[in-house]
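*Asks:* First the structure, which I've put down as C-alpha cells, then a few questions once you've had a look.
Nothing in this text is a laboratory measurement; each read-out follows from the coordinates by a stated rule. Note that the structure is predicted; figures quoted are calculated from it, not measured. Glycine gets a Cβ as well: all are built from the backbone with ideal geometry, and neighbour counts include every protein chain shown.
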Amino acid sequence: MSYDVSFPALGMEFHLSPVAFSIGPFSIYWYGILIALGVLLAFWYAMRSCKKMNIDPDKLIDVVLVGIIGGIIGARLYYVLFYSGDEFIQNPWKIFDIRDGGLAIYGGIIGSVVCGSIVAKLHKMKIAAVLDLASLGFLIGQAVGRWGNFVNQEAFGSETDLPWGMLSERTEAVVPTGPVHPCFLYESLWCFLGFLVLHVICRKFRRYDGQVFLSYIIWYGIGRFFIEGLRTDSLMTPFFDLRVSQVVAAASVLAGIVLMIVFCKRTSLSGCGSRKIMELNGIQDEIPEEEIIDDGTSTIFGDLEIEEDEGDALADEEPDGTPKKKEEPAQDTAEASEAEQNTEAEEPSQDQESLEQAVQPDDGAEDADASASSEAAETSEE
C-alpha cells in the first residue's frame, strides 16, 4: 500500500510507502524507523548532557532502557484502552501489532516517567534531575517521531484553506471536501521549538531540579490542547464526548502551573542552571566525571562490588604471605642538604669564638705582672 500525498497550494507532491524495505517475509516500516531514530537522538543528547546535570551516565543507561520499554507498553495500552471500536476485542492479537501505528504519545510519556523513575529510585538518583533531562529527550523523540504519522498518513486534521493544506487518499476518505491541516507537522515544529526553549532554560535559568520537567508538561500541554482540537482521529472519553488528549493536556498544564507557583522559591539545584543558584549550591560549570561515577559497577540489578585483581593483591604481600609494610616517604633532598649546610656553617663560628677567647689577654694577669715589676724595682733601689 502506498499514498500519493500533495500540498496543492505549495505545488509539492510525494509518493509514500509505509514500508521502508523487506527482508524475506518481514517488512520494516518507516513508522518504526522514525520512532527508533527519535529515541536514538534523544539518548545521544541525554548522554552528552548528563555530566552537566550531575547524573551518572552508567546509571542513566539503565533508566533509559527501562524507560523505553515502559514507554512502548504505556503508549500501546493508552491507545487500546481509549480506542472506541471493537477491533481489539474481536482480534486480541492485534494489540501487539504496532506496525501501522496505534501508539499514543501521552501513554508513552506516562509509561516512561513511571518506569524510569522507579529505576532511578532504585539507583538512588535524584528523580527530579533525571526527569529534567528526560523531558528534553521527549521533545526530540516527539519532533522526529511525528513524521512517522506523515508516512502512515494519520494524525491529520479538519479541512483548511491555508497554503500548507495536505491532500491524500486517506484524508479524502475522512474529509472529502478539500485539503486538511497537517497536524503531525504542527506538533513536530512545536516540539522542536520547545526543545530549543527548554534547552536554554536548563542551561541558563534552571533554579531547582524538576523545573524543566514542569516547563515541559506545560509547554507540550498547551500545544497539544489546540492541535488535538483540529484532529479527526482523536481518542474520545466514554463520557461527555471529550477528547482524551485534551483532557490530559489541560490537567497537565494546570498541575504544572500550580507546582511552578509552589516551588517558585526553591533553589535545590544539583546541576547546570542559573549561575547565581549554581554558586549558591557550590556547583561547578561541569561536574568532573570522578565526582559523579561511583566506585561500584551500576546495573539494573543494583550496585556490584568490584573484585580486587589477584595480581594486585599478590604484589602487596611478602613472599611468606604477610602484607608489605608501607615505606615512609624519604625526607626531601633539598631540605636535607640545606639543613646540613646550616650545621656546617654554625660549627666554624663556634670554634672561632673559642679561639678569640683564648687569645684575648686576661686583664687580671696584666695587673699582677705590673705589680710584681714595681716591687722588684723598689727592692733594688734599697
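*Asks:* Expressed in nm², what is the orientationally averaged projection area of the convex hull enclosing the Cα positions of region 209-270?
*Replies:* On the way: hull surface 19.7 nm².
Here the figure is 4.9 nm², rounded to one decimal.
*Asks:* Still on this structure, I have one more. Just the number: Rg to Rh for region 76-196, Cα atoms, Kirkwood Rh, two decimals. Could the numbers behind the result be given before it?
*Replies:* Working: Rg = 17.5 Å, Rh = 16.6 Å.
A ratio of 1.06.
*Asks:* Going by C-beta contacts inside 10 Å, put ILE127, ILE109 in order with the fewest on the left.
*Replies:* On the way: ILE127 20, ILE109 24.
Sorted ascending by nearby Cβ count, the order is ILE127, ILE109.
*Asks:* What FRET efficiency would be calculated for the residue pair MET12, ALA36, taking the C-beta separation as r and a Förster radius of 25 Å, to the nearest 0.05?
*Replies:* On the way: r = 26 Å, r/R0 = 1.06.
Given R0 = 25 Å and the Cβ-Cβ separation, E is 0.40.
*Asks:* Between ALA255 and ASP58, what FRET efficiency comes out of the Förster formula 1/(1 + (r/R0)^6) with R0 = 25 Å and r the beta carbon distance, rounded to 0.05?
*Replies:* Once the sixth-power term is evaluated, E becomes 0.20.
*Asks:* For the charge dipole of region 33-283, defined by +1 on Lys and Arg C-beta atoms and -1 on Asp and Glu C-beta atoms about the Cα centroid, which residue among SER49, ALA250, LEU167 has the Cα displaced farthest towards the positive pole?
*Replies:* Ranked along the dipole, the leading option is SER49.
*Asks:* Which of the residue pairs LYS121/LYS276; LYS204/LYS276; LYS124/LYS265; LYS59/LYS265; LYS124/LYS276 have a Cα-Cα distance greater than 20 Å in the structure shown? Before the final figure, lay out each step's value.
*Replies:* Numbers: LYS121/LYS276 28 Å; LYS204/LYS276 10 Å; LYS124/LYS265 25 Å; LYS59/LYS265 30 Å; LYS124/LYS276 27 Å.
Violating the 20 Å Cα-Cα cut-off are LYS121/LYS276; LYS124/LYS265; LYS59/LYS265; LYS124/LYS276.
*Asks:* Calculate the all-directions average of the projected area of region 33-283's alpha-carbon convex hull, and give it in nm². Numbers along the way, then the final one.
*Replies:* Values: hull surface 59.0 nm².
Average projection, Cα convex hull of region 33-283: 14.7 nm².
*Asks:* Determine, for each peptide in 90-98, 130-138, 239-247, the mean count of other beta carbons within 10 angstrom over its residues, then list the peptides with the highest first. Spell out each step's value before the answer.
*Replies:* Details: 90-98: 10.9, 130-138: 25.2, 239-247: 14.3.
Ranking, from highest mean packing down: 130-138, 239-247, 90-98.
*Asks:* Can you give the extra length, in nm with one decimal, that the chain gains between ASP233 and ARG203 once fully stretched, where that is 0.36 nm per residue apart less the Cα-Cα distance? Write out the running numbers ahead of the final one.
*Replies:* Numbers: separation 30, 0.36 × 30 = 10.80 nm, distance 3.75 nm.
Additional length available on full extension: 7.1 nm.
*Asks:* In nm, give the distance between the simple-model label positions of MET47 and LEU193, each being 7 Å from the Cα along the Cα-to-Cβ direction.
*Replies:* 3.2
*Asks:* If the only charges are +1 at each Lys and Arg Cβ and -1 at each Asp and Glu Cβ, what is the size of the charge dipole of region 1-143 around the Cα centre, to the nearest 20 debye?
*Replies:* Details: 10 positive and 10 negative charges, 151 e Å.
Charge dipole of region 1-143: 720 debye, to the nearest 20.
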